[in-house]
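The values are calculated or read from the model by the stated rules, or taken from the named source; none is laboratory data. On a predicted model such as this, the values are computed, not experimentally measured, just so you know. Counting neighbours? That spans all protein chains shown, and the Cβs are built from the backbone with ideal geometry, glycine included. These area figures cover heavy atoms from the full protein model, side chains too; ligands, DNA and RNA do not enter into them. Shrake-Rupley method; radii C 1.70, N 1.55, O 1.52, S 1.80 Å.
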Amino acid sequence: MTIARHLATACVRAGGDPEPGTNALVPSVCSATTFAQDLPGRSPTYCYGRTGNPTRARLESALAELEGARFGFAFASGLAAVDALLHTLDSDSHIVASQDLYGGCHRQFTKLWSRYGLRVTFVDATDPALVAAAIEPTTKLLWLETPSNPLLRITPISRLCSIARERGVHSVVDNTFATPILQRPIELGADIVLHSTTKYVSGHCDVLGGALITDDPALAESFKYVQNAVGAVPSPADAALLLRGLRTLHLRVERHCQSAGFIADALSHDPRLPRVVYPGLRSHPGHRVAASQMSAFGGLLTIQLDGGRDAVDRFAKRVRLWTLAESLGGFKSLWCHPATMTHAAVEAEERERIGITEGTIRLSVGLEDARDLTADLLTAIEAASSSCGTTGDHCRANGAVACEVTA
Ligand SMILES: *Cc1c(COP(=O)(O)O)cnc(C)c1O
(Lines give C-alpha, C1' and ligand atoms only; values in the text may rest on other atoms or scores of the structure.)
Protein backbone atom coordinates (compact mmCIF):
# COMPACT_ATOMS: atom_id res chain seq x y z
CA MET A 1 0.00 0.00 0.00
CA THR A 2 1.25 3.46 -0.82
CA ILE A 3 0.69 5.98 1.95
CA ALA A 4 -0.04 9.48 0.67
CA ARG A 5 3.13 11.44 1.28
CA HIS A 6 4.34 14.95 0.86
CA LEU A 7 6.51 15.45 -2.19
CA ALA A 8 9.78 15.79 -0.32
CA THR A 9 9.17 12.49 1.44
CA ALA A 10 8.19 10.85 -1.82
CA CYS A 11 11.36 12.13 -3.52
CA VAL A 12 13.52 10.66 -0.80
CA ARG A 13 11.70 7.37 -0.39
CA ALA A 14 9.80 6.43 -3.55
CA GLY A 15 11.02 3.19 -5.10
CA GLY A 16 13.71 2.96 -2.45
CA ASP A 17 12.77 0.12 -0.11
CA PRO A 18 15.84 -1.80 1.07
CA GLU A 19 16.75 -4.55 -1.32
CA PRO A 20 15.40 -8.02 -0.44
CA GLY A 21 18.20 -10.41 0.43
CA THR A 22 20.89 -7.79 1.11
CA ASN A 23 18.95 -4.94 2.74
CA ALA A 24 21.17 -2.63 0.71
CA LEU A 25 19.94 0.90 1.37
CA VAL A 26 20.62 1.98 -2.17
CA PRO A 27 19.41 -0.47 -4.79
CA SER A 28 22.12 -2.18 -6.75
CA VAL A 29 22.36 -1.73 -10.47
CA CYS A 30 20.95 -4.99 -11.76
CA SER A 31 22.79 -5.43 -15.03
CA ALA A 32 21.39 -8.89 -15.83
CA THR A 33 19.77 -9.14 -19.23
CA THR A 34 18.02 -12.41 -18.40
CA PHE A 35 16.55 -14.07 -15.33
CA ALA A 36 16.28 -17.71 -14.28
CA GLN A 37 12.76 -19.12 -14.46
CA ASP A 38 11.35 -21.91 -12.26
CA LEU A 39 8.93 -23.53 -14.66
CA PRO A 40 8.07 -22.83 -18.31
CA GLY A 41 5.21 -20.49 -19.13
CA ARG A 42 4.68 -19.02 -15.65
CA SER A 43 5.39 -15.32 -16.52
CA PRO A 44 7.83 -14.50 -13.71
CA THR A 45 8.19 -10.87 -12.56
CA TYR A 46 11.41 -10.54 -14.54
CA CYS A 47 12.32 -12.62 -17.55
CA TYR A 48 14.28 -10.43 -19.98
CA GLY A 49 16.02 -7.08 -19.51
CA ARG A 50 14.14 -5.19 -22.21
CA THR A 51 10.80 -6.36 -20.86
CA GLY A 52 11.56 -5.48 -17.26
CA ASN A 53 14.45 -4.79 -14.92
CA PRO A 54 14.38 -4.32 -11.12
CA THR A 55 16.45 -1.11 -11.14
CA ARG A 56 14.28 0.39 -13.88
CA ALA A 57 11.15 -0.77 -12.04
CA ARG A 58 12.18 1.24 -8.99
CA LEU A 59 12.60 4.35 -11.11
CA GLU A 60 9.28 3.76 -12.84
CA SER A 61 7.32 3.33 -9.63
CA ALA A 62 9.02 6.39 -8.11
CA LEU A 63 8.15 8.59 -11.09
CA ALA A 64 4.55 7.35 -11.02
CA GLU A 65 4.25 8.03 -7.30
CA LEU A 66 5.59 11.56 -7.71
CA GLU A 67 3.03 12.29 -10.40
CA GLY A 68 0.24 10.83 -8.26
CA ALA A 69 -0.38 7.92 -10.64
CA ARG A 70 -0.07 4.15 -10.62
CA PHE A 71 1.90 3.38 -13.75
CA GLY A 72 5.28 4.69 -14.94
CA PHE A 73 7.41 3.65 -17.91
CA ALA A 74 11.00 4.72 -18.42
CA PHE A 75 12.62 5.25 -21.81
CA ALA A 76 16.09 5.91 -23.15
CA SER A 77 15.34 9.61 -23.73
CA GLY A 78 12.45 12.05 -23.73
CA LEU A 79 12.07 11.64 -27.47
CA ALA A 80 12.01 7.84 -27.08
CA ALA A 81 9.04 8.35 -24.73
CA VAL A 82 7.39 10.60 -27.35
CA ASP A 83 8.00 7.92 -29.98
CA ALA A 84 6.51 5.22 -27.75
CA LEU A 85 3.38 7.27 -27.15
CA LEU A 86 2.94 7.91 -30.88
CA HIS A 87 3.39 4.17 -31.53
CA THR A 88 0.18 3.52 -29.58
CA LEU A 89 -1.89 5.51 -32.13
CA ASP A 90 -3.50 4.16 -35.30
CA SER A 91 -2.06 5.41 -38.57
CA ASP A 92 -4.94 7.73 -39.44
CA SER A 93 -4.87 9.53 -36.09
CA HIS A 94 -5.00 13.26 -35.59
CA ILE A 95 -3.36 15.21 -32.78
CA VAL A 96 -4.10 18.70 -31.54
CA ALA A 97 -0.88 20.16 -30.17
CA SER A 98 0.18 23.34 -28.50
CA GLN A 99 1.98 25.48 -31.10
CA ASP A 100 5.08 26.24 -29.10
CA LEU A 101 6.30 22.77 -28.50
CA TYR A 102 9.74 21.35 -27.85
CA GLY A 103 11.42 21.28 -31.28
CA GLY A 104 12.17 17.56 -31.18
CA CYS A 105 8.48 16.73 -30.64
CA HIS A 106 7.58 19.02 -33.55
CA ARG A 107 10.16 17.22 -35.70
CA GLN A 108 8.84 13.75 -34.83
CA PHE A 109 5.28 14.81 -35.63
CA THR A 110 5.96 16.59 -38.88
CA LYS A 111 9.00 14.79 -40.32
CA LEU A 112 8.67 11.19 -39.12
CA TRP A 113 5.14 10.28 -38.08
CA SER A 114 3.52 12.28 -40.88
CA ARG A 115 4.96 9.61 -43.20
CA TYR A 116 2.71 7.06 -41.51
CA GLY A 117 -0.42 9.16 -41.80
CA LEU A 118 -0.33 11.08 -38.53
CA ARG A 119 -1.78 14.57 -38.81
CA VAL A 120 -1.17 17.32 -36.29
CA THR A 121 -2.94 20.66 -35.90
CA PHE A 122 -0.89 23.19 -33.96
CA VAL A 123 -2.90 25.76 -32.01
CA ASP A 124 -2.33 28.54 -29.55
CA ALA A 125 -3.32 26.44 -26.54
CA THR A 126 -3.51 29.45 -24.25
CA ASP A 127 -6.96 29.92 -25.85
CA PRO A 128 -9.31 27.01 -24.97
CA ALA A 129 -11.74 27.97 -27.77
CA LEU A 130 -9.03 27.36 -30.38
CA VAL A 131 -8.25 23.96 -28.87
CA ALA A 132 -11.93 22.96 -28.86
CA ALA A 133 -12.34 24.09 -32.47
CA ALA A 134 -9.32 22.08 -33.62
CA ILE A 135 -10.63 18.73 -32.35
CA GLU A 136 -11.81 16.47 -35.19
CA PRO A 137 -13.57 13.08 -35.21
CA THR A 138 -10.23 11.27 -35.61
CA THR A 139 -8.42 13.32 -32.94
CA LYS A 140 -6.80 10.92 -30.49
CA LEU A 141 -4.54 13.16 -28.42
CA LEU A 142 -4.34 16.68 -27.07
CA TRP A 143 -0.64 17.47 -26.60
CA LEU A 144 0.26 20.21 -24.15
CA GLU A 145 3.54 21.61 -22.91
CA THR A 146 3.41 24.16 -20.13
CA PRO A 147 5.42 26.22 -19.39
CA SER A 148 6.43 26.08 -23.04
CA ASN A 149 9.84 26.35 -24.64
CA PRO A 150 11.34 28.96 -24.86
CA LEU A 151 8.62 31.57 -24.32
CA LEU A 152 7.25 30.01 -21.15
CA ARG A 153 3.65 30.32 -22.27
CA ILE A 154 1.18 28.89 -19.80
CA THR A 155 -1.78 26.79 -20.86
CA PRO A 156 -4.69 26.02 -18.51
CA ILE A 157 -4.30 22.28 -17.95
CA SER A 158 -7.57 21.40 -16.20
CA ARG A 159 -9.70 23.44 -18.59
CA LEU A 160 -8.10 21.95 -21.70
CA CYS A 161 -8.05 18.38 -20.37
CA SER A 162 -11.75 18.54 -19.59
CA ILE A 163 -12.46 19.79 -23.14
CA ALA A 164 -10.48 16.81 -24.44
CA ARG A 165 -12.20 14.34 -22.12
CA GLU A 166 -15.68 15.52 -23.14
CA ARG A 167 -14.74 14.79 -26.74
CA GLY A 168 -13.23 11.37 -25.97
CA VAL A 169 -9.68 12.58 -26.60
CA HIS A 170 -6.76 11.63 -24.35
CA SER A 171 -4.60 14.46 -23.07
CA VAL A 172 -0.85 14.42 -22.51
CA VAL A 173 1.17 17.07 -20.70
CA ASP A 174 4.92 17.35 -21.22
CA ASN A 175 5.86 18.16 -17.63
CA THR A 176 9.62 18.41 -18.21
CA PHE A 177 9.91 22.13 -17.37
CA ALA A 178 7.70 22.09 -14.28
CA THR A 179 8.57 18.65 -12.84
CA PRO A 180 6.08 16.94 -10.48
CA ILE A 181 7.40 19.18 -7.72
CA LEU A 182 5.69 22.22 -9.25
CA GLN A 183 2.87 20.81 -11.33
CA ARG A 184 0.87 17.56 -11.20
CA PRO A 185 -1.04 17.22 -14.47
CA ILE A 186 -2.79 13.94 -13.59
CA GLU A 187 -4.45 15.63 -10.62
CA LEU A 188 -5.46 18.43 -12.99
CA GLY A 189 -7.20 15.96 -15.31
CA ALA A 190 -4.49 14.87 -17.77
CA ASP A 191 -4.45 11.23 -18.85
CA ILE A 192 -0.72 11.03 -19.54
CA VAL A 193 2.38 12.84 -18.28
CA LEU A 194 5.52 12.87 -20.38
CA HIS A 195 9.02 13.71 -19.18
CA SER A 196 12.45 14.24 -20.51
CA THR A 197 14.16 13.06 -17.31
CA THR A 198 17.39 14.25 -18.93
CA LYS A 199 16.62 17.68 -17.49
CA TYR A 200 15.53 18.36 -13.89
CA VAL A 201 15.03 14.75 -12.79
CA SER A 202 18.63 13.89 -13.63
CA GLY A 203 19.73 17.36 -12.62
CA HIS A 204 23.41 16.68 -13.23
CA CYS A 205 23.70 16.78 -17.03
CA ASP A 206 25.03 13.22 -17.12
CA VAL A 207 22.16 10.99 -18.16
CA LEU A 208 19.50 10.89 -20.88
CA GLY A 209 16.06 9.56 -20.09
CA GLY A 210 12.35 9.88 -20.65
CA ALA A 211 9.13 8.67 -19.09
CA LEU A 212 5.42 8.15 -19.67
CA ILE A 213 3.16 8.13 -16.64
CA THR A 214 -0.55 7.36 -16.43
CA ASP A 215 -3.23 6.26 -14.02
CA ASP A 216 -5.28 4.61 -16.77
CA PRO A 217 -4.77 0.81 -16.82
CA ALA A 218 -5.59 0.51 -20.53
CA LEU A 219 -3.10 3.21 -21.49
CA ALA A 220 -0.53 1.64 -19.15
CA GLU A 221 -1.02 -1.69 -20.92
CA SER A 222 -0.38 -0.09 -24.32
CA PHE A 223 2.75 1.74 -23.06
CA LYS A 224 4.10 -1.46 -21.58
CA TYR A 225 3.49 -3.26 -24.84
CA VAL A 226 5.33 -0.63 -26.92
CA GLN A 227 8.14 -0.29 -24.40
CA ASN A 228 8.87 -3.97 -24.83
CA ALA A 229 8.04 -4.23 -28.53
CA VAL A 230 10.12 -1.21 -29.62
CA GLY A 231 12.70 -1.48 -26.88
CA ALA A 232 13.94 2.10 -26.38
CA VAL A 233 14.60 1.42 -22.69
CA PRO A 234 17.20 3.05 -20.44
CA SER A 235 20.15 1.03 -19.20
CA PRO A 236 19.96 -0.11 -15.55
CA ALA A 237 22.92 2.19 -14.78
CA ASP A 238 21.04 5.18 -16.21
CA ALA A 239 17.93 4.18 -14.26
CA ALA A 240 20.00 4.18 -11.04
CA LEU A 241 21.43 7.64 -11.83
CA LEU A 242 17.95 9.00 -12.46
CA LEU A 243 16.74 7.51 -9.20
CA ARG A 244 19.61 9.26 -7.45
CA GLY A 245 18.61 12.50 -9.15
CA LEU A 246 15.07 12.10 -7.83
CA ARG A 247 16.32 11.99 -4.24
CA THR A 248 17.22 15.69 -4.34
CA LEU A 249 14.75 16.89 -6.96
CA HIS A 250 12.59 18.83 -4.50
CA LEU A 251 15.55 20.70 -3.00
CA ARG A 252 17.06 21.54 -6.36
CA VAL A 253 13.77 22.68 -7.90
CA GLU A 254 13.02 24.86 -4.89
CA ARG A 255 16.38 26.61 -5.28
CA HIS A 256 16.07 26.87 -9.07
CA CYS A 257 12.73 28.64 -8.57
CA GLN A 258 13.97 31.00 -5.85
CA SER A 259 16.94 32.03 -7.93
CA ALA A 260 14.97 32.39 -11.16
CA GLY A 261 12.47 34.62 -9.33
CA PHE A 262 15.31 36.71 -7.89
CA ILE A 263 16.90 37.15 -11.30
CA ALA A 264 13.59 37.88 -13.03
CA ASP A 265 12.87 40.61 -10.48
CA ALA A 266 16.31 42.11 -10.91
CA LEU A 267 16.04 42.18 -14.70
CA SER A 268 12.37 43.01 -15.12
CA HIS A 269 12.84 46.77 -14.77
CA ASP A 270 16.06 46.95 -16.76
CA PRO A 271 15.51 49.48 -19.55
CA ARG A 272 18.12 47.70 -21.71
CA LEU A 273 15.89 44.62 -22.04
CA PRO A 274 12.76 44.98 -24.19
CA ARG A 275 11.38 41.79 -22.69
CA VAL A 276 11.83 39.60 -19.62
CA VAL A 277 9.61 36.52 -19.59
CA TYR A 278 9.04 34.64 -16.34
CA PRO A 279 5.70 33.15 -15.28
CA GLY A 280 6.27 34.47 -11.76
CA LEU A 281 6.21 38.09 -12.93
CA ARG A 282 2.84 39.81 -12.77
CA SER A 283 3.52 41.16 -16.24
CA HIS A 284 3.48 37.61 -17.65
CA PRO A 285 0.15 37.02 -19.45
CA GLY A 286 -0.10 33.52 -17.98
CA HIS A 287 0.82 34.54 -14.43
CA ARG A 288 -2.60 33.88 -12.90
CA VAL A 289 -3.06 30.53 -14.62
CA ALA A 290 0.47 29.56 -13.59
CA ALA A 291 -0.24 30.52 -9.99
CA SER A 292 -3.37 28.35 -10.06
CA GLN A 293 -1.70 25.19 -11.37
CA MET A 294 1.94 25.44 -10.28
CA SER A 295 3.31 25.67 -6.75
CA ALA A 296 6.17 27.92 -7.93
CA PHE A 297 7.21 29.30 -11.29
CA GLY A 298 10.15 27.21 -12.42
CA GLY A 299 13.84 27.66 -13.08
CA LEU A 300 13.74 29.02 -16.62
CA LEU A 301 13.45 32.55 -17.85
CA THR A 302 13.71 34.14 -21.23
CA ILE A 303 15.05 37.58 -22.01
CA GLN A 304 15.26 39.56 -25.17
CA LEU A 305 18.29 41.65 -25.99
CA ASP A 306 17.95 44.73 -28.11
CA GLY A 307 20.12 44.68 -31.21
CA GLY A 308 19.79 41.16 -32.60
CA ARG A 309 22.63 38.75 -33.27
CA ASP A 310 25.44 41.27 -32.69
CA ALA A 311 24.12 41.98 -29.23
CA VAL A 312 23.90 38.24 -28.56
CA ASP A 313 27.53 37.81 -29.65
CA ARG A 314 28.63 40.60 -27.31
CA PHE A 315 26.63 38.96 -24.52
CA ALA A 316 28.31 35.61 -25.29
CA LYS A 317 31.80 37.08 -25.13
CA ARG A 318 31.22 38.73 -21.81
CA VAL A 319 29.15 36.25 -19.82
CA ARG A 320 31.18 34.10 -17.40
CA LEU A 321 28.92 32.11 -15.08
CA TRP A 322 26.42 31.03 -17.72
CA THR A 323 27.47 28.43 -20.24
CA LEU A 324 26.17 28.46 -23.81
CA ALA A 325 24.74 24.96 -24.24
CA GLU A 326 21.71 22.93 -25.20
CA SER A 327 19.59 21.41 -22.43
CA LEU A 328 18.35 22.76 -19.13
CA GLY A 329 17.48 21.79 -15.59
CA GLY A 330 20.98 20.92 -14.40
CA PHE A 331 23.04 22.17 -11.49
CA LYS A 332 24.95 24.54 -13.72
CA SER A 333 23.48 27.70 -15.23
CA LEU A 334 23.12 27.51 -18.99
CA TRP A 335 21.98 29.92 -21.64
CA CYS A 336 20.81 29.15 -25.12
CA HIS A 337 20.01 31.06 -28.28
CA PRO A 338 16.76 29.52 -29.55
CA ALA A 339 16.97 31.04 -33.05
CA THR A 340 20.18 29.15 -33.84
CA MET A 341 19.85 26.24 -31.41
CA THR A 342 16.58 24.72 -30.17
CA HIS A 343 14.47 26.41 -32.86
CA ALA A 344 16.95 26.52 -35.74
CA ALA A 345 14.77 24.07 -37.69
CA VAL A 346 11.76 26.40 -37.47
CA GLU A 347 11.40 28.79 -40.44
CA ALA A 348 12.51 32.32 -39.56
CA GLU A 349 9.09 33.79 -40.33
CA GLU A 350 7.35 31.22 -38.16
CA ARG A 351 9.84 31.93 -35.37
CA GLU A 352 9.14 35.64 -35.50
CA ARG A 353 5.42 34.96 -35.59
CA ILE A 354 5.54 32.98 -32.35
CA GLY A 355 7.81 35.57 -30.75
CA ILE A 356 11.33 34.15 -30.98
CA THR A 357 13.69 36.80 -32.31
CA GLU A 358 17.45 36.95 -32.98
CA GLY A 359 17.79 38.62 -29.57
CA THR A 360 15.88 35.98 -27.62
CA ILE A 361 17.93 34.19 -24.96
CA ARG A 362 16.70 31.37 -22.74
CA LEU A 363 18.27 31.05 -19.32
CA SER A 364 18.29 27.83 -17.30
CA VAL A 365 19.07 28.98 -13.77
CA GLY A 366 21.44 26.63 -11.98
CA LEU A 367 22.34 26.18 -8.34
CA GLU A 368 25.02 28.88 -8.05
CA ASP A 369 24.34 31.89 -5.81
CA ALA A 370 21.62 34.00 -7.42
CA ARG A 371 23.52 37.22 -6.61
CA ASP A 372 26.56 36.06 -8.57
CA LEU A 373 24.37 34.92 -11.46
CA THR A 374 22.55 38.26 -11.54
CA ALA A 375 25.72 40.33 -11.39
CA ASP A 376 27.24 38.33 -14.22
CA LEU A 377 24.12 38.72 -16.36
CA LEU A 378 23.97 42.45 -15.76
CA THR A 379 27.56 42.87 -16.89
CA ALA A 380 26.93 40.80 -20.01
CA ILE A 381 23.73 42.72 -20.76
CA GLU A 382 25.67 45.95 -20.42
CA ALA A 383 28.21 44.64 -22.93
CA ALA A 384 25.41 43.52 -25.24
CA SER A 385 23.66 46.87 -25.17
CA SER A 386 26.83 48.82 -25.85
CA SER A 387 26.71 49.47 -29.58
CA CYS A 388 30.51 49.27 -29.72
CA GLY A 389 31.33 46.15 -31.71
CA THR A 390 35.08 46.60 -32.07
CA THR A 391 38.08 45.53 -30.04
CA GLY A 392 38.70 46.11 -26.37
CA ASP A 393 41.55 48.57 -27.04
CA HIS A 394 39.29 50.67 -29.15
CA CYS A 395 36.61 50.57 -26.47
CA ARG A 396 38.99 51.53 -23.70
CA ALA A 397 40.21 54.40 -25.77
CA ASN A 398 36.61 55.52 -25.97
CA GLY A 399 36.00 54.92 -22.30
CA ALA A 400 33.47 52.13 -22.81
CA VAL A 401 33.88 49.93 -19.73
CA ALA A 402 31.64 47.16 -20.96
CA CYS A 403 34.00 46.01 -23.68
CA GLU A 404 37.19 45.89 -21.64
CA VAL A 405 37.09 42.22 -20.89
CA THR A 406 36.51 41.20 -24.48
CA ALA A 407 40.03 42.34 -25.37
C1 LIG B 1 14.53 17.92 -23.82
C2 LIG B 1 13.07 17.86 -23.96
C3 LIG B 1 12.44 16.80 -24.61
C4 LIG B 1 13.24 15.68 -25.28
O5 LIG B 1 13.94 14.93 -24.36
P6 LIG B 1 15.36 14.21 -24.65
O7 LIG B 1 15.64 13.56 -23.35
O8 LIG B 1 16.32 15.25 -25.06
O9 LIG B 1 15.10 13.23 -25.75
C10 LIG B 1 11.06 16.80 -24.67
N11 LIG B 1 10.33 17.80 -24.14
C12 LIG B 1 10.90 18.84 -23.51
C13 LIG B 1 10.05 19.92 -22.94
C14 LIG B 1 12.29 18.91 -23.40
O15 LIG B 1 12.85 19.97 -22.79
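Worth a mention:
- Kirkwood hydrodynamic radius computed over region 249-397 comes to 15.9 Å, based on all pairs of distinct alpha carbons.
- Mean Cα-pair separation over length for region 129-257, i.e. relative contact order, pairs under 8 Å, 6 or more apart, %: 18
- Taking the Cα centre of the chain as origin and assigning +1 to Lys and Arg Cβ atoms and -1 to Asp and Glu Cβ atoms, the resulting dipole is close to 380 debye.
- Amide H contacts under 5 Å for Glu145, placed H, 5+ residues apart: Ser98, Asp174
- Entry comment: accessible area of the chain is 45 Å² per residue, from protein heavy atoms only and a probe of 1.4 Å.
- Rg in Å to one decimal, and Dmax rounded to a whole Å, for region 126-204 via C-alpha atoms: 12.8, 43
- The alpha carbons of region 166-318 occupy a box of 54, 40, 30 Å along the principal axes, longest dimension given first.
- log₁₀ of I(q)/I(0) at q = 0.17 Å⁻¹ - region 7-246, Debye sum with one point per alpha carbon: -1.24
- The lysines whose alpha-carbon is closer than 28 Å to the alpha-carbon of Lys224, local same-chain residues fewer than 8 away aside, are Lys111, Lys140, Lys199.
- Kirkwood estimate for the chain, i.e. one over the average of 1/r between Cα atoms, Å: 22.3
- Region 301-379 - percent relative contact order, Cα under 8 Å, separation 6 or more: 41
- Normalised by the number of residues in the chain, the average gap of Cα pairs under 8 Å and 6 or more apart makes the relative contact order 15 percent.
- Couplings 3J(HN,Hα) for region 100-109, derived from phi with the Karplus relation 6.51 cos²θ - 1.76 cosθ + 1.60 (θ = phi - 60°), are 9, 10, 3, x, x, 5, 4, 5, 4, 4 Hz, where x marks Gly and Pro.
- Cleavage-rule hits (trypsin sites (Lys or Arg not before Pro)) in region 252-327: DSSP loop, at most 13 neighbouring Cβ within 10 angstrom: Arg282, Arg320
- Gaussian network model of the chain, springs between alpha carbon atoms under 10 Å - residue of Asp310, Asp92, Asp38 with greatest fluctuation: Asp38
- Farthest towards the positive end of the charge dipole of the chain, among the residues His195, Leu305, Pro236, is the Cα of Pro236, using unit charges on the Cβ of Lys, Arg, Asp and Glu.
- Helix-only CD estimate at 222 nm, as mean residue ellipticity for the chain, using -39500 (n - 2.57) per DSSP H run (n ≥ 4): -10500 deg cm²/dmol
- Sum of side-chain charges, Phe331 neighbourhood, beta-carbon under 12 Å (Lys, Arg +1; Asp, Glu -1): +2
- Scattering profile of region 256-334 at q = 0.20 Å⁻¹ [log10 I(q)/I(0), Debye over alpha-carbon scatterers]: -1.01
- Local electrostatic count at Ser28 - Lys and Arg +1, Asp and Glu -1, tallied over other residues with Cβ under 11 Å: 0
- Other residues whose C-beta falls under 10 angstrom from the C-beta of Ser386 contribute a net charge of +2, scoring Lys and Arg +1 and Asp and Glu -1.
- Just checking the listed ones, Gln293, Gln37, Gln304: in the Gaussian network model of the chain with Cα springs under 10 Å, the one fluctuating most is Gln37.
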